[in-house]
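Written below as structure tokens is the structure these notes are about.
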Amino acid sequence: MMKIENFDSPIGALVTGVDLSDDLDPDSFETLQDAWNERSVLVYRDQTLSPAELVNFSGRFGEHEIHVLNQYLHPDQPEILVVSNVKKDGEHIGVYDAGRYWHTDLSYLAKPSRGSVLYAIEIPEENGKPLGDTIWASTAAAFEGLNPGLQERLDGRTAMFDFAKRYRKLVADGDQNAVLTDEQKAKTPPVEHPVVRTHPVTGRKCLNVNEGHTVNINGMDDDESLSLLEDLWAHIVKPDFTYRHKWRPGDVVMWDNVPTQHLAICDYALPQRRLLHRTTLTGTRPY
Ligand code: SIN
């Protein structure tokens, strides 16, 4: 029987008693959808999912977005983005630095992703301890944790988001190979979004700025904007607002991108291998 136990943090719950390779019956689907909206991050352990089964499961929760990084799409299932540091014939088989900066998936699109599902196949480890953890932060709890004066100052403001920012950061941090193709750049022009967005189901207000993609807050000079963004980024990722996941092969984590952002800890390197399959669900224009 399916059971959902909340973690001791404002987000996250462990779901047991469900095999995600089976079709979900309507009651189980509804229970999971409610838990996803309420807890933002759902963790399932000990799953075995073929690419088609992963797509079948995540497709119950929305339409799939085909990721702009087309060189890393799964060859049989383009709905899957391969996340991996593994190389084949000298070439990366997946996004090798996915999640390196705090971000919300696809926040650089006019309609950012509603949710993502990540399935762990290989997880690096050292002395029996897993590496490459992922941390999620609740941007809803973070907004609620701001003083009312700052909440009012932010509400109604907009910010610019740009996928190319991530690539400028990667190059500045020493990865000269981090490039977007001209076609990928053309598909991801900078977009404007509210700094505070509303969750379409719960109605909670969520801080909507992230280190990976947010460039500046509109209507402020560069220094004021950067200083405020840095304060907000530091606030959002306070331990009180986060859940840290230690991966095991067979884990599936499904998260809601509206009230969260996440970071993958890059504390491993080949020959330690990390391989995960990610699906991404389409979203709506933030308001
Ligand atoms: C991602 O940002 O979607 C990937 C996170 C991870 O690799 O843990």
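Here are a few things to note about the model shown:
- Volume per residue for the range 1-77 equals 117 cubic angstrom (convex hull of Cα atoms).
- For the chain, average projected area of the Cα convex hull in nm²: 15.2
- Apportionment of accessible area to carbon and sulfur, the range 3-281, percent (1.4 Å): 48
- Relative contact order %, the range 1-95, counting alpha carbon pairs below 8 Å whose residues are six or more apart: 20
- For the chain, the relative contact order works out to 34 percent when only alpha carbon pairs closer than 8 Å and six or more residues apart are counted.
- A 1.4 Å probe run over the range 1-126, with the rest of the protein chains in place, finds 46 Å² accessible per residue.
- Per residue value of the accessible surface for the range 164-253 (all protein chains in place, 1.4 Å probe), Å²: 50
- Residues of the range 239-271 with amide N under 17 Å of the 7 Å Cα→Cβ point at His92: 263-271
- For the residue pairs Lys3/Lys111; Lys87/Lys246; Lys169/Lys205; Lys3/Lys205; Lys111/Lys238; Lys3/Lys246, alpha carbon separations beyond 25 Å are given by Lys3/Lys111; Lys169/Lys205; Lys3/Lys205; Lys111/Lys238.
- Comparing Cα centroids, the range 58-74 and the range 195-215 end up 22 angstrom apart.
The values are calculated or read from the model by the stated rules, or taken from the named source; none is laboratory data. For clarity, every value in this text was computed on a predicted model and none was experimentally measured. Using ideal geometry, Cβ is built from the backbone for each residue, glycine included, and neighbour counts are taken over all protein chains shown. To get the accessible areas, we keep the full protein, side chains included, count just its heavy atoms, and leave off ligands, DNA and RNA. Shrake-Rupley method; radii C 1.70, N 1.55, O 1.52, S 1.80 Å.
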